[in-house]
Amino acid sequence: MNKPLVVILMGSKADLAHCQKIAGACQEYGLETVLRVGSAHKTPEHVVRLLAEYEADLRPKVYITVAGRSNALSGFTDGAVNAPVIACPPAAEAFGGADIYSSLRMPSGVAPAVVLEPVNAALLAAKILGLVDAGVREAVVRSRKRAAEKILEDDASV
């Protein structure tokens, strides 16, 4: 079986650094990642073609969408695919962070998860894909064990 796939779709190249953090964390779980750029507002036909391409790939997959301001990309993607979608919008100071609401309020039948930290978006993708891939599941277990050990070491040091 091929490795599970995480498609990281960003609304513009301005989101690349945020997406690279997600991709790096996904690779720690043994997940294959691909980075793509497409805007639900500016290039909807392009996004539809991209999604059709990845939906035709029968591997288990998760989409992680990264778009700021009006995050239509996450809902647009979720409405067009059968695989889980995780919205991971970049932090924004504009509007006092109210941009996040465009990721939270979705119409009925559209349900992307929202995870704000790039590393945690990768973790959720790994937990989902770990349901069908033992190697990914074991990587999640190792990661959780390392996190617990770090807390215990910190406790012993204070």
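The values are calculated or read from the model by the stated rules, or taken from the named source; none is laboratory data. This one's a predicted model, so the numbers in the text were calculated from it and none came from an experiment. Reconstructed Cβ throughout: ideal geometry from the backbone, glycine too, with neighbour counts over all protein chains shown.
This table checks each residue for (1) closer than 30 Å to residue 144 by Cβ; (2) buried (at least 17 other Cβ atoms within 10 Å of the Cβ); (3) without any contact (Cβ under 8 Å) to a residue 60 or more places away in the chain; (4) in contact with a His (Cβ under 7 Å, 6 or more places away or on another chain).
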{"site": "7", "(1), (2), (3), (4)": "yes, yes, yes, no"}
{"site": "17", "(1), (2), (3), (4)": "yes, no, yes, no"}
{"site": "22", "(1), (2), (3), (4)": "yes, yes, no, no"}
{"site": "26", "(1), (2), (3), (4)": "yes, yes, no, no"}
{"site": "29", "(1), (2), (3), (4)": "yes, yes, no, no"}
{"site": "33", "(1), (2), (3), (4)": "yes, yes, yes, no"}
{"site": "36", "(1), (2), (3), (4)": "yes, no, yes, no"}
{"site": "43", "(1), (2), (3), (4)": "no, no, yes, no"}
Filter pass, residue 99 being over 15 Å from the mean Cα position of the chain (by Cα) and assigned to a helix (DSSP H, G or I): yes
Options 131, 50: the member that is more than 15 Å from the chain's Cα centre (by Cα), more than 17 Å from residue 17 (Cβ to Cβ), at pLDDT 95 or above and part of a loop (DSSP other than H, G, I, E, B): 131
Matching option when the condition is under 20 Å from residue 4 (Cα atoms) and not hydroxyl-bearing (Ser, Thr, Tyr), among 119, 158: 119
Filtered residues of segment 102-141 (kept if over 30 Å from residue 41 (Cβ atoms) and of a type in the set (Asp, Glu)): 133, 138
Answer residue from segment 83-106, given it is buried (at least 24 other Cβ atoms within 10 Å of the Cβ) and out of contact with any Asp or Glu (no Cβ under 9 Å at 6 or more places or on another chain) and is modelled with the highest pLDDT among those: 86
Single residue of segment 107-128 satisfying the filter (touching a residue at least 24 places away in the same chain (Cβ under 8 Å) and over 13 Å from the mean Cα position of the chain (by Cα)) that is surrounded by the most Cβ atoms within 10 Å (Cβ to Cβ): 110
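Answer yes if at least one residue in segment 66-82 is closer than 17 Å to residue 29 by Cα, over 16 Å from the mean Cα position of the chain (by Cα) and surrounded by 14 or more Cβ atoms within 10 Å (Cβ to Cβ), and no otherwise.
The answer is no; no qualifying residue exists.
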